[in-house]
Amino acid sequence: MKKIGLLTSGGDAPGMNAAIRAVVRTAIYHKLKIVGVRRGYAGLIKGDFLPLNLGSVADIIHRGGTVLRTARSEEFFLPEGRQQAASLMMQEGIEGLVVIGGDGTFRGAIELEKVGIPTIGVPGTIDNDIPCTQFTIGFDTAINTVVDAINKIRDTATSHERIFVIEVMGRHAGFIALSAGLAGGAESVLIPERPFSLDDVVAKIKRGQQRGKLHSIILTAEGASSAIDVAKEIQKISGLDTRVSILGHIQRGGTPTALDRILASRMGAEAVTLLINGKRKLMVGIQDNKIKSFDLEWALSQSNEIDFSEYELAQVLAI
Ligand code: F6P
């Protein structure tokens, strides 16, 4: 293999740049040429290529977002789009591709394999919703952002003796809500993976008030319920003064944590090593702090379950 390509696709995640840097530098270290593709699969079907060198990835390890830009492309998922992408890559002499993103990105990689392009997926999404890896790039930064927001909201919630319902991202999964709720000491955490009762949430708030608690923080995953609906219902059941905070896209930005940079560096380097060793149609993951790889199609057919012991613990500690 002499030349490989690299793209980021789907929602950006802090640490993607550290992964880009690792892919580029590992490739160059092993004497490969490396080409970036701008705007994910949308750029791939237009041949939006950008030759990369050591300097192209200088000063990016600490930056959020992705210097390659990203997009969600419908066109790529049409057979003509994929064929077009494959022929443009062949013209450019790209013999293998590393894709960084979430499950939509990995589904794109499987399609590329069908048209003959060896592809390796690196999990980059704040949602942590990819099977076969305990952590995805960006998750740690996102939960730290949420915890920071909880700390700040707690100050004003205490001063005003209010209930706050904070909505976090995560798409259909509750990983962000659960981890940030545990780390931030939220009174209740609502996740899509577990049924919940707002009567129970209100009962807990009232118990807290009886023993002098001044505030309550309820964290809801966007996949469980909107914060607005939760707040309306709590107010209706209890008559308590309730406010809403939807954290939104601030969870996707910001300088990546050291953990995310290390994870991104390890995963990015592994992706290139796999291509050099003739491997293809794999995703990189981390389990028990070891970098591993799994067949992409098989990996996506697995479920990625929440650790319910963490959920129980959050409940016990917020008694
Ligand atoms: O997948 C990352 C994510 O931030 C989800 O948590 C969220 O549901 C979605 O992307 C938002 O997407 P967009 O930026 O396209 O609104």
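The values are calculated or read from the model by the stated rules, or taken from the named source; none is laboratory data. Quick caveat, the model's predicted, so the values are computed rather than measured. Backbone-built Cβ (ideal geometry, glycine too); neighbour counts: all protein chains shown. When the accessible area is computed, the model is the full protein with side chains, heavy atoms only, and any ligands, DNA or RNA have been set aside. Shrake-Rupley method; radii C 1.70, N 1.55, O 1.52, S 1.80 Å.
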Filter the range 63-76 for residues that are within 16 Å of the ligand (Cβ to nearest atom) and open to solvent by 80 Å² or more (accessible area, probe 1.4 Å); which is modelled with the highest pLDDT?
Arg69
Given the residues Ile60, Ile28, Ile20, which is the only one that is open to solvent by less than 30 Å² (accessible area, probe 1.4 Å), outside any loop (DSSP other than H, G, I, E, B) and modelled with pLDDT of 95 or more?
Ile20
Would you confirm whether or not the range 161-173 contains a residue that is among the aliphatic types (A, V, I, L, M), out of contact with any His (no Cβ under 9 Å at 6 or more places or on another chain), free of Cβ contacts under 8 Å to residues at least 40 places away in the same chain and not in a loop (DSSP other than H, G, I, E, B)?
no
What's the number of the condition Asp148 fails, among (1) touching a residue at least 24 places away in the same chain (Cβ under 8 Å); (2) assigned by TED's automatic domain parsing to the domain that holds Leu247; (3) away from the ligand (no atom under 11 Å from the Cβ)?
(1)
The residue from Ser265, Ser225 that alone is modelled with pLDDT of 95 or more and assigned to a loop (DSSP other than H, G, I, E, B) is Ser225
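Rundown of residues vs (1) more than 16 Å from the ligand (Cβ to nearest atom); (2) open to solvent by less than 40 Å² (accessible area, probe 1.4 Å), yes/no style:
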| position | (1), (2) |
| --- | --- |
| Ile217 | yes, yes |
| Asp229 | yes, no |
| Asp241 | yes, no |
| Asp260 | no, yes |
| Leu263 | yes, yes |
| Gly268 | yes, yes |
Matching residues, the range 199-210, being touching a residue at least 24 places away in the same chain (Cβ under 8 Å) and in contact with a Ser or Thr (Cβ under 9 Å, 6 or more places away or on another chain)
Val201, Val202, Lys204, Ile205, Lys206
Exactly one of (1) of a type in the set (A, V, I, L, M); (2) open to solvent by 20 Å² or more (accessible area, probe 1.4 Å); (3) away from the ligand (no atom under 16 Å from the Cβ); (4) modelled with pLDDT of 95 or more is unmet by Val115. Its number?
(4)
For the range 81-100, state whether one or more residues are part of a helix (DSSP H, G or I), among the acidic types (Asp, Glu) and open to solvent by 30 Å² or more (accessible area, probe 1.4 Å).
yes
Options Val122, Val147: the member that is hydrophobic (A, V, I, L, M, F, W, C) and either in a helix (DSSP H, G or I) or over 17 Å from the mean Cα position of the chain (by Cα) (or both)
Val147
